[in-house]
Structure formats: C-alpha cells, structure tokens
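What follows is one structure encoded as structure tokens, with my remarks underneath.
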Amino acid sequence: MTAEAAGAASASSPEFDALLTAALLAVDPTGLGGAVLRSPPGLARDEWLGALRALLPADAPWRRVPLGIADDRLLGGLDLPATLAAGRPVAQRGVLAEADGGVVVLPMAERLGTDTAARLASVLDHGEVGVHREGLSLTKPARVAMVALDEGRDDDERTPPALRERLAFSIEMAPTLARRSPRDEPLPLPLPWTRDDVAAARAALPCVACGDDVVQALCAAALALGVDSVRAPLQAVRVARAAAALAGRDEVEADDAALAARLVLAPRATRLPAPPEAENPPEPPEPPPPPESTEPPPDADPDTPREPEALEDRVLDAAQAAIPPGLLAALLGGAALRRGAGGKSGATKKGGRRGRPAGVRRGEPRAGLRLNLIATLRTAAPWQPLRRREAHPHGVRSGQGATTRLHVRREDFHVTRYREHTETTTLFVVDASGSSALHRLAEAKGAVELLLADCYVRRDRVAVIGFRGAGADLLLPPTRSLVRAKKSLAGLPGGGGTPLAAAIESAAALADAVRRQGATPLVVLLTDGRANVARDGTPGRAQAQADALAAARRLRAAGVGTLLLDTSPQPQQAAQQLALALGARYLPLPYADARAMSAAVQQATRDVAAAAA
C-alpha cells in the first residue's frame, strides 16, 4: 500500500475501513489481539473473513471454535484412545495450540460463557495455554488472534467484556450490507494490498518508531472520550505502528495516530469530549489599537507559516468524527451508559438433571445424576498399568485377555453438571387498607396491570395477594393469564385495617411453594408500612408493627428477593424500617402515577433478580 492510499484512508468509506482493519490485523495479529465483527451471517461478513485470510501468510493456521466446545478440545488434555492403547498418559493439543501463529474464529461470540471467555482472555494475555490435570502438566504456545463473530441483535447480546477489551478492533457492518444475497455483487475486490505488502510490513514493524507525542496524544484522546481501559491506548499505539509499516514508513506520523484513534478509540467512547469553551479561560480584553503607521513592523514576514494544529486535537477530532451520529445523541443523553437486562430474569440454577451442560464434577450417578463416561474413562486411564499389576501381581497367562480389561473404580466416577435459567414468579402484595386506598390503591392497581405485559414477554408468572381488614387473601395464584390478573385486581376493594404481618407470612408461604416448583420467587410489596392489625387479628399499632418486623426477618432469612414500594404521599419511617428488616430495596414513590410506578418496578425487578442469580 502506498503512502497516498494510507493517507486517503482517513476519509474512506466504512467498507474500506473494514478492509483496512483486516490488513492491519494481518500485519500484527498477536499484538492487536483480534477483532469483534458484529454482523448477522451474510456475504459481507464472509468476504471480510476471506480478505483477512488472503492477507495472512499462506501457512498461517485458521481454526473455528464451536460454541459448546469442551475444555479438553479447546485447551488440550488427555488423548483418551491413545492413552488406553498405550497404557500410559498421552497428551493431545487443543484448538488454541493448533492455531499458534494464526487466527481463531469464534462463531456466536455473544453466547460465550464467562468461564470460556476467561480462558480465552488468559491465552491472549500470556500467549500460551497450560494444562495441569488428569496426570498431565504441559504448556504449549498459543500466540493467536481471535475474531469474535457477534450476531447479537441488541445491546443485551454482546461479546463478553473480558474478551472484547482485549481485541483491538470493533467492526459493525450495516444491516443492509450484512443481509446481502449471494446473487448480489461482491464488495470491491481485489484488495488494495497484497500478501507481499503485508509480509513486508510485518518484517518492518519492529523497526517502526513511535514518538512520545503520539503516545501522549492517544492517551489524552482516550481520557477525553471516557475510555477507561488501559489496554485501549496501548492497542491504538500498536495500530498506529502497523499503519506506518503498511505505508512503508519507519516512524509514526499524525495520520497514523488519527487512524488509530478512529479505529480503536471511537468504538469504545462512552462520552463526548468537553467543549473547548469550557476548558479555556475567558480571553482578556483587547488592548487599544496602536497609532496608525505606514511602515510595516520590522518582524512582520508574510511568508511565515501558521502554527500547526496540535497533535492531540487532531487525534481527538479524528476519533470524534468516527462516532456515528446516532451514538452521539445517545451519549449526550447518557443512554450509552445504561444497559437494561433483557430476556429471562430468573436465577441460574445448577443441577444434574436438565439444562445446558456446564462441565463435570466428581461424583456417583445417583438420584438422577448422569454418568459422564468420557470424563470417567479419562480419569481412570492413567492408572491402568498400576491397577493391572495390583490385580495380577504374578502376571497373566496368554489368552486370558485380562490385559485389555479396564479397571474403573468408584473414585473415577464423574457426573455431568447442568445449568438452566428458571422462570421468575413475581408476587405482588398489595396494601388495600384504608390508608392506602385513600392514597395510592388506584395507581398500584394500574402499575400491576402494566407490569403483567412485561412479565408475559419474559414468560414469567404473576401472583397477587391483597391484604386489608383482619387478614390477607390470595387473589390470583401464579399465572400468565392477563385476563385473570385484571379481573382479580378489578375486584380488589379498599378500606379497613392493615394486617401487614399476615400479608408477609402469606407471601413467604407462597414464595416457598414457588421455589419448590423450581421457579425463582420475587416479592414486590406495595404498602405505606403503617401496620395496625396484629398477627392474631387484634387491633393495636405497637403489636402489629412488632409482628410485621418479625415476619419480615423470617422472610429475609428464607433468602427471597424483595422490593418494597412506599406508596404513601411522602416517604415513611415505618416503611424504611420494614425494608431494612426485609433486606429489600426501598423505593419511595411520591407523586407517581401508574406508568411511573410500573417503570420503577420493572427496573428494580431486573436488579433484584440479577442479584439473586
């Protein structure tokens, strides 16, 4: 690639930037870590992968890692067939070690588990993979670059942050470009670079110098854009050096630094830089004009060049210009920092019967647990020679076949662990006493009705308990029916005392029943906290308050997630004390209508369920 082509990259199209990213990644794959390619499957994504592969050395390994790959295949481990045949531990290389010096492609990276992402991040940090289990202790080089194919459709589905932070590039292809049909015309090919150009740049990369002013400018741009990761400026410096090497230069210039800021820092921006007016002090008043003179000043030179633009400003402007306009508006409103939890909000339950496989553990296949045959044989294989000698200390006569028999013992047994997301059952406990009916009962009914639609989308269940007078009544058993829920709320009368202790005990009993059915209970208590009916139904504010606090402590000890909404016109100390005894999140909602209350409960429900998970 010529210097003119590199200079023109600053004003190039997104398609050219994507190809330029592939070329830079081919120049320094292990130093840059890789790229996150956020795009649905399509011709454009395949062409980008083809461009990267065409620019890499011909002998560079290229491996795809399936989403549910086992640890022994990913990292390496015991070669079970070879071990059983040889009678001694035989190791096998994993996919990461096989890809040493090449590229690893991660399909559906937005679904990677945190444990797998942590293992991949460790390999990127150290450039090697270690296996120390099953009688093996070995370390293999794994200097790889990773391409995470992110097919998520919204902000809740993204590549894990631990992995995304270590990959220099983040590429988002336009949906219209990603959904191209194979009949459409391909992207502009051939590439502006050849494999020989990239090979020459790789050879010259160690000799490319980067001045302190460039490093300082990139760090200042990262700070101004709210990029908290220390890795991002280091990756930007590597990208600038790779761009200079690709352009045939032995020193990083301002164009290379601006390119690095645009490709590395702009996608990570979390805020807009402060306007220049807010940073500079006000200018002093202009001095009075000097007396007019016909002679020019002695030091005036019309050919004197203007002061060049500061490098930091140029780098920051390049990064800010690369932020999409829609993201700029989101950053101004602070929306880019808010990430709501979507999908199922239930807790993650680990067990041995159903769900997605989540590894193996030592144990016997009892009470419905499933034996993992491969893990059991892998554990028993290294001990076969010793066990055969113990079983036949004087040897075995030929023809008896005992030398081929496997000796498996109880301590070798391994069972499969499973993980599943349970559904959430939200238990609305609504105060319908005289004080609440006077204040907020209508709004509480409206809020519950609005929340039913949100629970229906998540396939969660809802139950309603109303309390007034002398006790609490289960108005709606756990259900997903919107019609039944609305009918139960419509028939909820108001007035009477506040039997708060009875309501909390009813919620605890229902939560226990929900938990026994395998779901995650979540109690949302709507009350002003002013109890005046004791547990036995007798009136008396002091005894009623003591009974309510005692019942709240028992519900907290049961480990049930709880949210308390103070529905009084002003926050009440009684409600705050009740929330403290429940261990619940306290939300005072003065002057809130039904829609505002619904929004608050939705967000708090996600937070409480995430904490329970």
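The values are calculated or read from the model by the stated rules, or taken from the named source; none is laboratory data. Quick caveat: nothing in here was measured; it's all calculated off a predicted structure. No Cβ is skipped: glycine too gets one built from the backbone with ideal geometry, and neighbour counts run over all protein chains shown. What goes into the accessible areas is simple: the full protein's heavy atoms, side chains included, and nothing from ligands, DNA or RNA. Shrake-Rupley method; radii C 1.70, N 1.55, O 1.52, S 1.80 Å.
All other residues with a Cβ under 10 Å from the Cβ of residue 71 taken together, and with Lys, Arg as +1 and Asp, Glu as -1, what is their net charge?
Value of the local net charge: +1.
What is the spin-label model distance, in nm, from residue 370 to residue 271 if the labels are put 7 Å beyond Cα along the C-beta direction?
Roughly 4.9 nm, to one decimal.
Determine, for each peptide in 204-210, 232-238, the mean count of other beta carbons within 10 angstrom over its residues, then list the peptides with the highest first.
The packing order, highest mean first, is 232-238, 204-210.
Using 11 Å as the cut-off for backbone N distance, which residues of the range 22-63 belong to the label zone defined by a point 7 Å from the Cα of residue 230 along Cα→Cβ?
none
Any chance you could run the full-extension gain for residue 512 through residue 71? It's 0.36 nm times the residue separation minus the Cα-Cα distance, nm to one decimal.
Stretched out fully, the residue 512 to residue 71 stretch lengthens by 155.0 nm.
Given the Cα-Cα distance of residue 585 and residue 46 and 0.36 nm per residue of separation, how much length would full extension add, in nm?
So the extension gain works out to 189.2 nm.
Please give the FRET efficiency for residue 487 paired with residue 111, using the beta carbon to beta carbon distance and R0 = 51 Å, rounded to the nearest 0.05.
Result of the calculation: an efficiency of 0.80.
Just read off the accessible area of residue 194 with the full protein assembly in place, 1.4 Å probe, to the nearest 10 Å².
70
Could you order peptides 524-534, 69-79 by the average number of other Cβ atoms within 10 Å of their residues, highest first?
Highest to lowest by the protection proxy: 524-534, 69-79.
Taking the Cβ of residue 200 as the center, what net charge do the other residues with Cβ under 14 Å away carry, scoring Lys and Arg +1 and Asp and Glu -1?
Charge balance near residue 200 sits at -1.
In terms of solvent-accessible area of protein heavy atoms at a 1.4 angstrom probe, what is the ranking of 62, 383, 48, highest value first?
The ranking, largest first, comes out as 383, 62, 48.
Once the other residues with Cβ under 12 Å from the Cβ of residue 221 are scored (Lys, Arg +1; Asp, Glu -1), what is the net sum?
Its environment carries a net charge of 0.
R0 = 45 Å: FRET efficiency of residue 199 with residue 317, Cβ-based, nearest 0.05?
Result of the calculation: an efficiency of 0.85.
Quick check: residue separation of residue 126 and residue 64 times 0.36 nm, minus the Cα distance between them. What number comes out in nm?
Length gained between residue 126 and residue 64: 20.3 nm.
Students often check this: by mean Cβ neighbours within 10 Å, which of 538-547, 256-265, 461-470 ranks highest, and how do the rest follow?
256-265, 461-470, 538-547
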